[in-house]
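Inspection log for the structure reproduced underneath, given as C-alpha cells.
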Amino acid sequence: MKRQNVRTLSLVVCTFTYLLIGAAVFDSLESQTEARRWEFLQAIKNNFVEKYNVSAEDYRMIEIVIIENKPHKAGPQWKFAGAFYFATVVLAMIGYGHSTPTTVAGKLFTMFYAMVGIPLGLVMFQSIGERLNKFASVIIRRAKRASGARCTDATEMNLMLATGMLSSIIITTGAAVFSRYEGWSYFDSFYYCFVTLTTIGFGDYVALQNDQALTNKPGYVALSLVFILFGLAVVAASINLLVLRFMTMQAEDAKRDEQDAQNLAAGNQPLTYDDESTYNMQGKLLENNYTTENDETVSLCSCTCMGGTRCLNHEPFVDPDFQPMDIIESTLCLKRASV
C-alpha cells in the first residue's frame, strides 16, 4: 500500500476515534446538567400555566414572541452596521445564527454572496497569514543573530511558536475587552474569542447584542470587527504552516512511491549492506568507505561535494577514475572497507 494511502487511512481512523472520544466526554459532562435544566424549566412552565390559567396555545404564542424579540434587543439588525457585521460573519464562516435573513430575496442573495465571499475571504486570510509568517521569520532571524546563535534560520517550529504566542495574546486581550463591554465573565469571554477565531461560531455568546450596541457604540463595533478579521488572519498563519507541512510530507511520500515504482519496473536488485552501513536510494552515499567484491578499496567523502572539489573536510577518491554512479548502477554487494 502506498504511503499516501496509509497516511489517509490513518487520518480517517484517528479522526473517527477522536470523534468517539469527544462524544463520550461531552456526554458525561453535559447530559446530566441538560436533564436537570429541562426538569427545572418544565416545573416553572407548569407553575406559570397553573397560576395564570394560560392555555397551551397562548403559552406557545408567548414563547414565539420572546424568541423573535431577542435579536432586536441589540437594535436594528439590518441597518448598515448590523448588515456589515452579518456580512463579516458570513465571509469568515463563523455563522453565529444571531440574525438570519427572512425574505426570499435575502436568503437567495446570502447563498450567492457566500459562494463568492467565502473563497475570497479564505484567499485573503491565507495571504495575510503568509505575510505574517514572513514578518515573523525576519524577526526570529534578527533575534538569533543578536543572541549569537549558530543557526539563524527561522524553522517551522519557531514560526509555529511565534504565531501561537500571537494568537494567545490576541485571544487573552480580546477576552478582557469583551468581558468589560459585554458584562461576561473572563472565562466566558475567552470562550467566545476562541469559538469565534476558530470559526466554530456556536452563537451562545455573540458580541454587540446588548444595549443597542450596533447603533450607539460605533467604536466598539469597529473594534469587534477588527478583532475578528485580524484574529482570523493570525489563526490562518498558524494553519498555513500546518498545511504546508502536510503538503511537504505528501510530496515526499509521492516521490518515494514513484521511486519505488521505477525501481520495481526496472527490475533493480536491492543492495545489501553490512551492520551499520546505510545507503540513500537517491544516490547520496552516507558512509565514507566501501569495497567491491574485488577488494578494491574506495574512499568516499562524507560531504556533499562527492569528490569534485577540495574542501576542509574533503578526501578525494583513491581511484581518480571512480565515479559514484558506478556504485548506484552496480548490482554488486557493497561491503564496508576498513581504513
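The values are calculated or read from the model by the stated rules, or taken from the named source; none is laboratory data. Here the structure is a predicted model, which is why all the values come from computation and not from measurement. Glycine also receives a Cβ, built like all others from the backbone with ideal geometry; neighbour counts cover every protein chain displayed. All accessible areas refer to the heavy atoms of the entire protein, side chains included, with ligands and DNA or RNA removed. Shrake-Rupley method; radii C 1.70, N 1.55, O 1.52, S 1.80 Å.
In this view, the solvent-accessible surface of I21, computed with a 1.4 Å probe and all protein chains in place, comes to about 100 Å². The fraction of accessible area contributed by carbon and sulfur in the stretch 1-73 is 62 percent, rounded to a whole number (1.4 Å probe; ligands and nucleic acids excluded).
With K and R counted +1 and D and E -1, the other residues having a Cβ less than 12 Å from that of V243 yield a net charge of -1.
Probing with 1.4 Å while keeping every protein chain in the model, the per residue accessible area of the stretch 53-177 equals 67 Å². Counting protein heavy atoms only, the stretch 76-263 has 69 percent of its accessible area on carbon and sulfur, 1.4 angstrom probe. Restricting the stretch 65-157 to trypsin sites (Lys or Arg not before Pro) that sit in a DSSP loop and have at most 15 other Cβ atoms within 10 Å of their own Cβ leaves K79, R150.
Each Lys or Arg adds one and each Asp or Glu subtracts one; over the other residues with Cβ under 15 Å from the Cβ of L159, this totals +3. The spacing between the stretch 77-129 and the stretch 162-210, judged by their C-alpha centroids, is 20 Å. Projecting the Cα atoms of V206, F135, G164 onto the charge dipole of the stretch 76-263 (Cβ charges, centred on the Cα centre) puts F135 farthest toward the positive pole. Altogether, the Stokes-Einstein calculation at 4 °C and 1.567 mPa s, with the Kirkwood radius of the stretch 1-73 over Cα pairs as Rh, returns a diffusion coefficient of 77 µm²/s. Charges were assigned to the Cβ only: +1 to each Lys and Arg, -1 to each Asp and Glu. The resulting dipole of the stretch 1-157 about its Cα centre is roughly 1200 debye.
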